[in-house]
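Supplied in structure tokens, the structure appears directly below.
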Amino acid sequence: RGKDLAGRLNFETLEHNLARLGGDEFTVLLSGTKSAINIGKVAERLIEAIEVPFDFDGKEHHISASVGVAVFPGDGNNTEDLIKHADLAMYQAKKKGKGCFEFYSKEISNIVLERSHLEQRMRVALEEGNFKLFYQPIINSKTQEIASLEALIRWEDAELGDVSPGHFIPVAEEVGLINAIGSWVLQEVCQQLRAWQDSGAMGLKVAVNVSGKQLEKSDFSDQVLNNLKKHNVPPDSLYLELTESAVIHGEEGVLATLRNLQKIGVKIALDDFGTGYSSMKYLKQFPITKLKIDRSFIMDISSSKQSREIVSAIIAMAKALNISITAEGVETKEQEELLEKMACEHAQGFLYSPAIRVNDFNNLILAKLQ
Ligand code: C2E
Ligand code: MG
Ligand code: MG
């Protein structure tokens, strides 16, 4: 395809060298231009040329490329620095999505440095046991009793201070630490469930957030099963919360894993519903027993008729499909009343309680049992 591509690229007057660095990484060395506009145009053309579908073995194939640019001498005055900086810019381009390009900048360098520091601190946290689990109650709207709990990870780092999961989980996914963190979360929850059930809270259920990267592991359902067995926890005490993107990006393997989990008796909840593709296809295809309506809809149900209509439609649809429903992020009485009117079964949010540490729950749960 090389010649074909070179023809289509039409670099015009720019002198260029094309090299393969290894694997799926290529380098274009351009000379004779100082203009960022020209370089950007070349990057765009490269991306477009690569995106043209091609025939292989009688089948049409599509590929895409991400391009990072480093300019001599500002971004480096030797080969090593230029390649390293182009590489950093390429990773940043990849993050924007498929088929994008990005110029190297000091900010990019800072982002990458910050990430690698975060990665290193996460490794330390895993080794030293610095991650903690907090639990947030999910309330039965009719009885106002605790229906279940959601385990939410917390991390206070000696150097970085409190780091929110919204910040470090995506990085853990990117650098491949999410499986180690996820395994720790699973075993910690199973151990805690056992302890709670031993102290009399037999029917207590706990939901665990699971990343798409964990689901992609072919032994994920075995991992769940082993943890349940090890701690002698009934499988129906465990909910796994997945986001739509976790399910969507998955291949057939993910579907098989979800079906295995369902067979074991573990329940699956779809988290942040409404923020992703909200495709009805997934509700039909995947063994989902619960939908959690994203906080962004609940946030303005008091002020926006449109949000009310959306929430009400999601509830009606879930009912028709025999899927249970939880409203996330309920903060006010007014929201609670509106949700009750819509016959939303469960609610979770600061109105009831934020995520709190295990000891505080022990007091709450055990007090209720006496
Ligand atoms: P999520 O699973 O949708 O969790 C709900 C988030 O909303 C939590 O944030 C919770 O503290 C927050 N929240 C609950 N009620 C309210 C409310 O009334 N108002 C507002 N403003 N916020 C509320 P948190 O703990 O910061 O977690 C953020 C996200 O990080 C979670 O979203 C989840 O996707 C992810 N996460 C947390 N723990 C884990 C974990 O153990 N594993 C994985 N893979 N992801 C996790
Ligand atoms: Mg969740
Ligand atoms: Mg959520």
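Using a probe radius of 1.4 Å on heavy atoms only, what accessible surface per residue do you get for the chain? Whole Å² is fine. Intermediate values should be presented prior to the final figure.
Values: 20180 Å² over 370 residues.
The answer is 55 Å² per residue.
How large is the helix-only mean residue ellipticity at 222 nm for the chain, computed as the sum of -39500 (n - 2.57) over DSSP H runs with n ≥ 4, divided by its residue count, in deg cm²/dmol to the nearest 500? List each step's numbers first, then the result.
Details: 15 runs with 178 residues, N = 370.
When only DSSP H runs of four or more count, the value is -15000 deg cm²/dmol.
Ok, one more. Enumerate the lysines that residue 341 could reach by cross-link, defined here as Cα to Cα under 18 Å, with residues fewer than 8 away along the same chain left out.
Excluding near neighbours in sequence, the set is 142, 292, 305, 319, 333.
Shifting gears a bit: Which percent of Cα pairs goes in each bin when the distances of the chain are cut into 10 angstrom slices starting at zero?
4, 19, 24, 22, 16, 10, 3, 0, 0
Heavy atoms only, 1.4 Å probe, whole protein assembly: order 290, 106 by accessible area, highest first.
Numbers: 290 10, 106 135 Å².
Accessible-area ranking of 290, 106, largest first: 106, 290.
Cα centroids of the stretch 144-210 and the stretch 69-122: how far apart, whole angstrom?
What the calculation gives is 32 Å, centre to centre.
Relative contact order of the stretch 240-346: what whole-number percent is it, with Cα pairs under 8 angstrom and at least 6 residues apart?
Once divided by the residue count of the stretch 240-346, the mean separation gives 23 percent.
Something else about it: If r is the Cβ-Cβ distance from residue 296 to residue 15 and R0 is 51 Å, what FRET efficiency results, to the nearest 0.05?
Numbers: r = 51 Å, r/R0 = 1.00.
With a Förster radius of 51 Å, E is 0.50.
Compute the FRET efficiency between residue 277 and residue 36 as 1/(1 + (r/R0)^6), taking r as their Cβ-Cβ distance and R0 = 35 Å, and round to the nearest 0.05. Intermediate values should be presented prior to the final figure.
On the way: r = 36 Å, r/R0 = 1.02.
The value I calculate is 0.45.
Next up: Could you calculate the contour length gain from residue 63 to residue 96, that is, 0.36 nm times the residue separation minus the distance between their Cα atoms, to one decimal place in nm?
On the way: separation 33, 0.36 × 33 = 11.88 nm, distance 1.64 nm.
Using 0.36 nm per residue and subtracting the Cα-Cα distance, I get 10.2 nm.
Under the definition of Cα pairs under 8 Å and six or more residues apart, what whole-number percent is the relative contact order of the stretch 21-161? It would help to have the intermediate numbers written out before the result.
Values: 158 pairs, mean separation 20.4, N = 141.
Across the stretch 21-161, relative contact order equals 14 percent.
Another question about this same structure. Excluding residues on the same chain fewer than 8 positions from residue 230, give the aspartates and glutamates whose Cα lies under 19 Å from its Cα.
Cross-link targets: 188, 198, 219, 222.
Just to verify a number: FRET efficiency for residue 259 and residue 126, C-beta to C-beta distance, R0 = 25 Å, to 0.05? Mind showing how you got there, number by number?
Numbers: r = 30 Å, r/R0 = 1.22.
Working from the Cβ atoms, E equals 0.25.
Once amide H atoms are built 1.01 Å from N in the peptide plane, which residues 5 or more positions from residue 356, or in another chain, come under 5 Å H to H?
For residue 356, whose amide H was placed from the backbone, the distant partners under 5 Å are 135, 136.
On the principal axes of its Cα set, how long, how wide and how thick is the stretch 42-90? Give whole Å, largest value first.
46, 17, 13
Any chance you could run the full-extension gain for residue 25 through residue 56? It's 0.36 nm times the residue separation minus the Cα-Cα distance, nm to one decimal.
Values: separation 31, 0.36 × 31 = 11.16 nm, distance 2.07 nm.
Separation in residues times 0.36 nm, less the Cα-Cα distance, equals 9.1 nm.
Taking only C-alpha pairs under 8 Å that are 6+ residues apart, what is the relative contact order of the chain in percent? Provide the component values of the computation, followed by the final result.
Details: 549 pairs, mean separation 41.9, N = 370.
For the chain, the relative contact order is 11 percent.
Working from Cα positions, state the angle (0 to 90°, nearest 10) between the long axis of helix 79-96 and the longest principal axis of the chain.
Approximately 40 degrees, to the nearest ten.
Same structure, new question: Using 0.36 nm times the number of residues separating residue 333 and residue 245, minus their current alpha carbon distance, what extension gain do you get? Don't skip to the answer; put the middle values down first.
Values: separation 88, 0.36 × 88 = 31.68 nm, distance 3.14 nm.
My answer for the length gained is 28.5 nm.
Restricting to bridges with both residues inside the chain, how much of the DSSP beta-bridge set is antiparallel, in percent to the nearest 5?
Values: 25 of 49 bridges.
Antiparallel bridges: around 50 percent, rounded to the nearest 5.
Which longest uninterrupted range of the chain lacks any GluC sites (Glu not before Pro) assigned by DSSP to a loop state (not H, G, I, E or B) and surrounded by at most 13 other Cβ atoms within 10 Å?
On the way: sites that count: 12, 145, 159, 251.
Here the longest segment lacking exposed loop sites spans 13-144.
Under a point-charge model restricted to the Cβ atoms of Lys and Arg (+1) and Asp and Glu (-1), what is the dipole moment magnitude of the stretch 72-161 relative to its Cα centre, in debye to the nearest 20? Could the numbers behind the result be given before it?
Values: 12 positive and 15 negative charges, 88 e Å.
Once rounded to the nearest 20, the dipole reads 420 debye.
Using a Gaussian network model of the chain with C-alpha springs under 10 Å, which one of 100, 344, 190 is most mobile by mean-square fluctuation?
Among 100, 344, 190, the largest mean-square fluctuation in the Gaussian network model of the chain belongs to 100.
Classify the stretch 225-370 from the C-alpha gyration tensor, please: rounded if a/c falls under 1.5, else prolate or oblate depending on whether a/b exceeds b/c. Walk me through the numbers on the way to the answer.
Details: a/c = 2.16, a/b = 1.10, b/c = 1.96.
Because a/c hits 1.5 or more and a/b fails to exceed b/c, the stretch 225-370 counts as oblate.
How large is the charge dipole for the chain, taken about the Cα centre, if only the Cβ atoms of Lys, Arg (+1) and Asp, Glu (-1) carry charge, to the nearest 20 debye?
Working: 41 positive and 52 negative charges, 176 e Å.
Once rounded to the nearest 20, the dipole reads 840 debye.
The values are calculated or read from the model by the stated rules, or taken from the named source; none is laboratory data. As the structure is a computational prediction, the values presented were derived from the model and not from experiment. Here Cβ is always computed from backbone atoms with ideal geometry, including for glycine, and neighbour counts include all displayed protein chains. The accessibility values were calculated without ligands, DNA or RNA, using every heavy atom of the protein model including side chains. Shrake-Rupley method; radii C 1.70, N 1.55, O 1.52, S 1.80 Å.
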